[in-house]
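This report concerns only the one structure given below.
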Amino acid sequence: MAEAFLEEIYKEAALVCRLRQAAEYAKIHDELHMIAICNAVFQPLCGICKAYLQQDREKGMALWAAVQMLVQIDNDLVKRGDVIEEQILPLLKEKRKLCGGDISVENEEGDYLFESSASGFLTLKDLRQDKYIHSASDPMWEAFKLAEYIFSPEKKEYTVWGLGLGYLIYQLYHISDGTVRIHVFEKDARMVEYAKHYGVLDWIPEDRLDLVLCSNPDSFLKSAAKKDMGFYVFLPEIYREEPDLRRKLEDVYMQFATPKKLQKDNELNYWNNHRSGCHAVSELCFFGKQDFIIVAAGPSLDDNLEFLRENQGKKTIIAVGTVFRKLLEKQVIPDMIAVLNPQERTYKQIEGLEDKKVPMLLAVTAYWKFAANYQGDKYLVPLAGMHEERESEEAWVIGGTVTHLAIEAAVRFGARRIYLVGVDLAYPKGISHAEGLMDRTEKNTEDMLPVEGVGGLPVYADTMFILYRKWIEAKIALTPDITYYNMSRVGARIAGTQETGFMGE
């Protein structure tokens, strides 16, 4: 258990967290779960009222009256939630202030600071990075929301890199009702002791928890790759890692977080796109075409505009939606545009161009207005992992970038040579996109990772670009019969491609 002086503080803080859950259930009219929590916390609340009366009789009586009101309210779930949020929780917060004696202590090594959060649970600050590991307001509530976001009942086990004070691990245990075994990989042995003595690690039964001390993430990575294994990287703990280790862990985090963050968008788009009347992608073909140009949005696109103009009609040009407007302005008409992003903001790529007749290759989760409004022929691409069991055609396996979608299309359409234009996957001179594109920005590359560039000189890339490059390199490795040309002179080196100043036949 936590240190004895924390036990009563933590009991009240945990009660506050439960009450916040009850108020959330009230907002979504979930009476069953709200009443279950209210029944469970009634007796502990009565005990707190008695203690409060001895500290501040007026506020203790007010809390008792609010608790009685909560119990007596009948058939008004909204009012119950309001009583919790507007009366009970503020009074409990006042009681917490009366206790005083907040903690603010550095560890012996001077690299971590233990502090009392507003809820009473201790938070932890990394003094080297000047970052909080947990919320300074309510670490347990923060962990509950994160666990709610992470957890899926489909998973039999969970593996997590980074322990902190154990709040997230406890909430994963709690939200699963103890049905999953949780594997925790932690680099710092001190953190395990902190989580036991000042956190909530000991609130988890030993048979549900597997602690592994290790400095190398390979075991964690193998664990995360297992079937039926949920995984998560606890980001606040990885910022002090060496660049290579941090990059590996950020890559794993992005594999989870990117689709998770877009899940609601993907679902909305999926169903609307299927109702839009798009053609099946199997109806689209390019007989006899063996040379393909993939046009992405990197800065080196500007160096290859003449190459594109010279090869119109000679090679099949598949452009990502981001560059569609720019290509038309430069008198380059692609044979196809590819669209993948599920977010509304990307519709600006074709806004005002809806009357164009260039065929559109549309991922099934792409933002729905592309399919609804674009007047050219649209071909819908089913994606692996997105209701593929109900699709009549083979689902495509696509990484997180539209460039990968375009490359996959070229491969499936019989390409023997693929020219990559604007596929920089880095920030040459800190620039993100070609001139005139909606997302063109200048980045500070100081915090980025150096990667090998075209010609061998280093360029700088963020974790996302590095991950995109790995996806593309994996596709290239799987298609050895195709020759790939990297037309960039300023971007990242892409394994499996020929780097060339080639500007025509």
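The values are calculated or read from the model by the stated rules, or taken from the named source; none is laboratory data. Quantities reported herein were computed from a predicted structural model and do not represent experimental measurements. Using ideal geometry, Cβ is built from the backbone for each residue, glycine included, and neighbour counts are taken over all protein chains shown. For accessibility, only protein heavy atoms count, side chains too; no ligands or nucleic acids. Shrake-Rupley method; radii C 1.70, N 1.55, O 1.52, S 1.80 Å.
Brief remarks follow.
- Qualifying residue in the stretch 211-227 (condition: open to solvent by 10 Å² or more (accessible area, probe 1.4 Å), farther than 23 Å from MET254 by Cβ and outside any loop (DSSP other than H, G, I, E, B)): yes
- Cβ separations smaller than 7 Å between residues 6+ apart or across chains give the following pairs from the stretch 237-249 residues that are of a type in the set (Lys, Arg) to residues that are open to solvent by 20 Å² or more (accessible area, probe 1.4 Å) and not in a helix (DSSP H, G or I): ARG240/ARG128; ARG240/GLN129; ARG247/LEU449.
- Selection status of GLN21, farther than 30 Å from MET191 by Cα and either of a type in the set (S, T, N, Q) or loosely packed, with under 14 Cβ neighbours inside 10 Å (or both): no
- Residue match in the stretch 28-35 (condition: surrounded by fewer than 19 Cβ atoms within 10 Å (Cβ to Cβ) and in contact (Cβ under 8 Å) with a residue 60 or more places away in the chain): no
- Residue within the stretch 157-177 that is farther than 23 Å from ALA2 by Cα, open to solvent by 50 Å² or more (accessible area, probe 1.4 Å) and in contact (Cβ under 8 Å) with a residue 24 or more places away in the chain present: yes
- Scanning the stretch 252-283 for residues that are farther than 15 Å from MET464 by Cα and of a type in the set (D, E, K, R) returns LYS260, LYS264, ASP265, GLU267, ARG275, GLU283.
- Any hit, the stretch 8-17, residues being part of a helix (DSSP H, G or I), farther than 26 Å from SER135 by Cα and open to solvent by 60 Å² or more (accessible area, probe 1.4 Å): no
- Looking across PRO259, PRO243, one residue alone is in contact with a Leu (Cβ under 7 Å, 6 or more places away or on another chain) and not hydroxyl-bearing (Ser, Thr, Tyr). It is PRO243.
- Breaking point among (1) open to solvent by 50 Å² or more (accessible area, probe 1.4 Å); (2) closer than 15 Å to TYR167 by Cβ; (3) not polar (S, T, N, Q), for LEU127: (2)
- The residue that is modelled with the highest pLDDT, counting only those in the stretch 135-156 that are of a type in the set (Asp, Glu) and surrounded by fewer than 19 Cβ atoms within 10 Å (Cβ to Cβ), is GLU148.
- Total residues in the stretch 47-68, condition under 41 Å from the mean Cα position of the chain (by Cα) and without any contact (Cβ under 8 Å) to a residue 40 or more places away in the chain: 3
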